[in-house]
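Data first, discussion second: the structure below is written as structure tokens.
The values are calculated or read from the model by the stated rules, or taken from the named source; none is laboratory data. Keep in mind that this is a model prediction, so the values were computed, not measured.
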Amino acid sequence: MSRALMWPRKGRPWSFDGDGSLFRLVSEAHRIRLAHLFDPVLAVHTSVVEPLPHQITAVYESMLPRQPLRFLLADDPGAGQDHHGGPCSLKS
């Protein structure tokens, strides 16, 4: 049993009367899905964290190219986090 492809006959075949917000949502989803192809360090550029150059090198040049990924990325102690906690505890 063959099935024929049925085209809808309502309205013009190539009109611009579709849902604009739905089109924007879908096009933005495609843009985000393909963004890593144009900017390999997209996560760094879109976050509020400012990594140091040696951290970017460690992740993008040393860790990610090695598959399977079996690393633990740890922060070094004494990097100044306690200086940020002191003023916060004094304010409360």
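For the reader, a short list of remarks on this structure follows.
- Test for Glu61: is it modelled with pLDDT of 80 or more, in a helix (DSSP H, G or I), among the acidic types (Asp, Glu) and more than 18 Å from the chain's Cα centre (by Cα): yes
- Tally of residues being assigned to a helix (DSSP H, G or I) and modelled with pLDDT of 85 or more across the stretch 37-53: 3
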